[in-house]
Amino acid sequence: MNTAVFANTLPATLRLDQCRKGATVRVTGLIEQPLFGTQDERVSLRLKELGFLPGAPLKVIGFGLLGSDPLAVQVNGTKFALRRAEAAKICVEPIDNPSL
């Protein structure tokens, strides 16, 4: 049973790590990230537990030094810092700002 993928048939879509600062987006699903290897399902489960579920609105708050790790986001009123590899697992769609 693969719980790492919400919808493995997602069309080419935007990932959270590709969004700009200030972007407001909605989670459409989680995808596999080969970087995590055998721990991919555990990372996906943890993201789900934190509230990164389909339909959840997110706001990109900012980035680390020189635009690298970590990526700061707000989901359901709570702020989180994610590594770019974790953010690359999260597929999103724009809510109100088409220029991401």
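Every number in this text was worked out from the coordinates using simple rules, so none of it is lab data. These figures come from a predicted structure and were not determined experimentally. A quick note on method: Cβ atoms are made from the backbone with ideal geometry, for glycine too, and the neighbour counts reach across all protein chains shown.
Below is a table of values for the structure above.
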| quantity | calculated |
| --- | --- |
| Some residue of segment 30-41 being surrounded by fewer than 12 Cβ atoms within 10 Å (Cβ to Cβ), in contact with a strand residue (DSSP E or B) (Cβ under 9 Å, 6 or more places away or on another chain), not aromatic (F, W, Y) and not in a strand (DSSP E or B) | no |
| Residue within segment 41-54 that is among the aliphatic types (A, V, I, L, M) and under 12 Å from R84 (Cβ atoms) present | no |
| First in segment 70-85 and closer than 16 Å to R26 by Cβ, second anywhere and among the small types (G, A, S), Cβ under 6 Å, 6 or more apart | V75/G51; V75/A56; N76/G51 |
| Residue match in segment 59-68 (condition: surrounded by 13 or more Cβ atoms within 10 Å (Cβ to Cβ), in contact with a helix residue (DSSP H, G or I) (Cβ under 8 Å, 6 or more places away or on another chain), of a type in the set (A, V, I, L, M, F, W, C) and more than 20 Å from K21 (Cβ to Cβ)) | no |
